[in-house]
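Written below as C-alpha cells is the structure these notes are about.
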C-alpha cells in the first residue's frame, strides 16, 4: 500500500515509545501494533479515543464535525500504519503522532470549510454524559462548558490549538510543539496569549449584547 | 502550569479556575465512533453444508456487509480485506441482523450492503446481478444491458469476479449464453453446486443450449422467457417453443417476458 497523505506528520515523532510520564500506555499500544495491526489499532483507539475526540470537539466546536474529524484521523492513522515498516511502528510515539494527524485533518477542514454548508452548532448538540458526575454537577459544568467552548472558537487557530492541546487534552508542551510543528517557546506563548484572550472575552461576554462563538 | 499562565489578570485563583474549566471540556468519544472507522468480522454458516462453500467469513461496517469470502484463514481474510478496503477489522460479537437468513435462503431480504469504493460500472453490474431471483440464471449480456453498457459483456465478467459480497449478490446466477456456467469467484465447481442447490436444472439448460435454444416461449401466451424463469418452467411441454434469440421469437410473434426480460 502506497501512503502519500498530507495529513501525516512529515517527520513522525520518534524516540522512546511512549512517554512514561504523560503517556503511560504508549509503549503497550506500540507493542500491540507491532504484533498485529488490527489488534494494535483497537488498543490505539481505546487509549486515545478520548484525547482525539476531545481535541477535535474543542478545536472545531461542533459535535458532528468532531466525529468526522476523529474518524478521519483514526482512519488515516490506520492507513499510514499499514504502510510503515515494523521498525518505524516500533519507534512511534503514538499520542503526539495521532494528534498531529488530527491537527492536520482539522486544518485541512478549515481550508475547505467555505465549500461546506454549516452544520448545527454545538449548542444544539447533546453534551457527553459522564457517569462519574452527579446530575447537578453535569448541569453546572454544561453551562460553563458551553460558554467556554463558544469562546474558544473566537481564538486565532494556533492559539486555540495550543490552549486545547495543553488544557483540554492535557498534553505536555513538548508534545504540543511536536503536534503543531512549532518551537516550544512559541507554543508557550500561544497558550499564554490564548488564556489571556479567553479571560478578556469572558469578561466582555458578561456584558449584555456580546455573544461568544461567532467568528 | 502556572509558569506559563501568569498573565497577571485577576487573582491566581481565577487562572486556576479557567484551566480547570478547560480540563472539564474533555469528552469521551461517542460509542458509535469506532463503527464509523473499523469494520467487524464474523464467521457464519455458508449456504451449503459441505464442499467448497463452508467456512464463510464476513466483514461489515455500520452501513452494511462489505466483504464475504470462503475458505480463508482469519489472517488471510484480514489481509485480503485490508488490501482492498484499508480499514481496521475487529471481531464482532454477532453477525449483522439478516445475514444468516440471507445466506440460508439466497435472498437478500432487508440486509444492507456497503458497496462504497466500487466504480459506477461495477456497482451497476452488481445491482443488476442482485435482481436475479434464486433458482434462475441470466446471461452476462443481460447483466451488461441492465448495467447500461450492452457491449461490455467481458467487463461484466471482470466486475462479477471482483464481487466483494458473493452469495449475497448472487453472481453465481450469471451464466454463459452457450449453456456453460462460466467462471466464478469461488471456482466453477462451487458455482455448479450452488445452482443445483437452488434447483436450477443445469443439465437441461445446457442441453437446450446445445440445440441452439436460449429462450423458451409458450404458444398459448405468446410470451418468451429465459429457460430458468419461473414463468418458463410453468409452460406445459406441449406448448413449449424454443428460440435461438429474441429476434427469432419476435419474428414468430412472441413478446419478451416482463419478469426475466430476455435481451
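Throughout, read-outs are computed from the coordinates displayed, never taken from laboratory work. This structure is a prediction, so every number in the text was calculated from the model and none was measured. With ideal geometry, Cβ positions are generated from the backbone for all residues, glycine too; neighbour counts draw on all protein chains shown.
Here the sum of -39500 (n - 2.57) over DSSP H runs of 4 or more residues, divided by the residues of chain B, equals -9500 deg cm²/dmol at 222 nm, to the nearest 500.
Restricting the calculation to Cα atoms, segment B:212-256 yields a radius of gyration followed by a Dmax of 9.0, 23 Å. Annotation: the residues B:205, B:54, B:65, sorted from fewest to most other C-beta atoms within 10 Å of their own C-beta, follow the order B:54, B:205, B:65. Rounded to the nearest 5, what is the percent of antiparallel bridges among the DSSP beta bridges in chain B? Rounded to the nearest five, the antiparallel share is 70 percent. When the square roots of the Cα gyration tensor eigenvalues are ordered a ≥ b ≥ c, the ratio a/c for segment B:35-105 is 1.5 or more and a/b does not exceed b/c, which makes its shape oblate.
In segment A:43-93, Rg over Rh equals 1.05, where Rg is the alpha-carbon radius of gyration and Rh the Kirkwood radius from pairwise Cα distances.
Mind checking the mean number of beta-carbon atoms from other chains within 10 Å of the Cβ atoms in B:30-41?
The per-residue average across the peptide is 5.
Set the Cα radius of gyration of chain B against 2.2 N^0.38 Å, with N its number of residues, and you get 1.46. Rounded to the nearest 10 degrees, the angle from helix B:12-23 to the longest Cα principal axis of chain B is 10 degrees. The long axis of helix B:74-85 is offset from the longest Cα principal axis of chain B by roughly 90 degrees. The mean number of Cβ atoms from other chains found within 10 Å of a Cβ in peptide A:158-164 is 1, as a whole number.
How large is the translational diffusion coefficient of segment A:27-122 in µm² per second when you combine the Kirkwood radius over alpha carbon pairs with Stokes-Einstein at 4 °C and 1.567 mPa s? Let's see the in-between values first.
Values: Rh = 13.9 Å.
Estimated diffusion coefficient is 93 µm²/s.
Here the Debye sum runs over all C-alpha atoms of segment B:117-210 as equal scatterers in vacuum, and log10 of I(q)/I(0) at q = 0.12, 0.14, 0.18, 0.24 Å⁻¹ comes out as -0.32, -0.44, -0.73, -1.27.
So what's the angle, to the nearest 10 degrees on a 0 to 90 scale, between helix B:120-130 and the longest Cα principal axis of chain B? Helix B:120-130 sits at roughly 60 degrees to that axis.
Here the peptides B:237-244, B:20-27 are ranked by packing, the mean other Cβ count within 10 Å, and the order with the highest first is B:20-27, B:237-244.
Ranked by how many other Cβ atoms sit within 10 Å of their own Cβ, fewest first, the residues B:258, A:147 fall in the order B:258, A:147.
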